[in-house]
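Data block below; observations after.
We did not get these values from a lab; they are worked out from the coordinates using the rules stated. All values derive from a computational prediction rather than experimental measurement. Cβ placement follows ideal geometry from the backbone for every residue including glycine, while neighbour counts extend to all protein chains displayed.
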Amino acid sequence: MKLKAIVHSAEEGGYWAEVPALPGCITEGDTWEEVLANLEDAIRGWLEVANENLSVLQ
């Protein structure tokens, strides 16, 4: 699965990122590597919660 993520420079330093296709899926990091690693974790977490919610509805 491919998702588009947008990474922004944070005013106070570091970065923050969002995934427009996953409302509320945002993260931050002090370095480029950290924000990308955190982004992977945020996406996995978002998808796990969405999957659990679908299971409850079925």
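Here are the numbers for this structure:
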| item | result |
| --- | --- |
| Residues satisfying the stated conditions in segment 40-58, i.e. surrounded by 13 or more Cβ atoms within 10 Å (Cβ to Cβ) and touching a strand residue (DSSP E or B) at 6+ places or on another chain (Cβ under 8 Å) | ALA42 |
| Flag if ALA37 is surrounded by fewer than 18 Cβ atoms within 10 Å (Cβ to Cβ) and either of a type in the set (Gly, Ala, Ser) or in a loop (DSSP other than H, G, I, E, B) (or both) | yes |
| Residue under evaluation LEU22, criteria (1) exposed (fewer than 10 other Cβ atoms within 10 Å of the Cβ); (2) touching a helix residue (DSSP H, G or I) at 6+ places or on another chain (Cβ under 6 Å), criterion not met | (1) |
| Residue ID - farthest from ASN51 (Cα to Cα), chosen from residues in segment 14-25 that are in a loop (DSSP other than H, G, I, E, B) and among the aliphatic types (A, V, I, L, M) | VAL19 |
| Residues of segment 1-19 that turn out to be of a type outside the set (D, E, K, R) and under 9 Å from the mean Cα position of the chain (by Cα), as a count | 3 |
| From the options GLU28, GLU11, GLU52, residue that is of a type in the set (Asp, Glu) and assigned to a helix (DSSP H, G or I) | GLU52 |
